[in-house]
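Below: one structure, written as structure tokens.
Every read-out reported here was derived from the displayed coordinates using simple, explicitly stated rules and does not represent laboratory data. Bear in mind the structure is a predicted one, so any value in this text is a computation, not a measurement.
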Amino acid sequence: MKKKILCMFIGLTLMAPLVFSDGVDFSAQVSPVGFMNFNVWTKYDKDTIAKASETVKKLFKDYNKFFHDGYNMYTLGVDFRISGAYLTLNVGLPRKISIDDIKDFGGTLNNNSFIFNGQLGYGATFFKESPVNLFVGGGIGFDIIRTTRDIPATALALAEWQEERLIALLGLGLNVGVSFYFLPHVGIFAGVTDNLSFIQVSNQQYYTKAGALFYLQNGVKDIKKMTSGLLANNVTARLGIAFKL
């Protein structure tokens, strides 16, 4: 999955100058250096927890609060802008998950884990006639989180099981970027995107061990109905190269 996303980045970047003619206000930013901070706060439904297995009750015994998961990671990304419309895509490669509210439940993620983040929206570019261009935009934000990991042996429950999670979220996004063009069509870029997500498209979480499966919600991978609230925030800062026609 990560290889497919990286190939898509490269393909879009190489094809862009061929697709758009000279008369179009088009620019692109490619960022091989970046940092992503992603946080999720989840509140679980009291009635669902009450009907769950004893293992699940141990994990979420203090259900009347938001449980926090945090990730910090290296990121690479790309932006495409056509007049005011823009598309931003980022791939984060997390190595650890921090879980504040369940003792000894955080830990190291497997290498196939990733966070795919982006925005589709509209904005404005200021100071177009100068070497320094400022872009400010907003739109629909999305995040796809795919993680796998081995639960630590010190965990209170599900020790030494493997956890798999797949979360897809929608929300609102803010995009701010500055480009300095030292050549007519080439420059350097620095930018920040901020997504606030509150719509769950998918929220799968389950555990495997020696061929056995364990679901937090009996028989169901998706735990959306098990939650009474979810809020996520993704802040990504990037440095890279800017191009414009």
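General remarks:
- Radius of gyration (Cα atoms) of segment 105-245, expressed as a multiple of 2.2 N^0.38 Å: 1.41.
- Amide H contacts of T227 (H built 1.01 Å from N, under 5 Å, at least 5 apart or other chain): D45
- When the C-alpha to C-alpha distance is required to be over 20 Å, the pairs from K96/K221; K46/K96; K65/K224 that qualify are K96/K221; K46/K96.
- Stretch gain in nm, segment S202-F127, where the contour uses 0.36 nm per residue and the Cα spacing is subtracted: 22.9 nm
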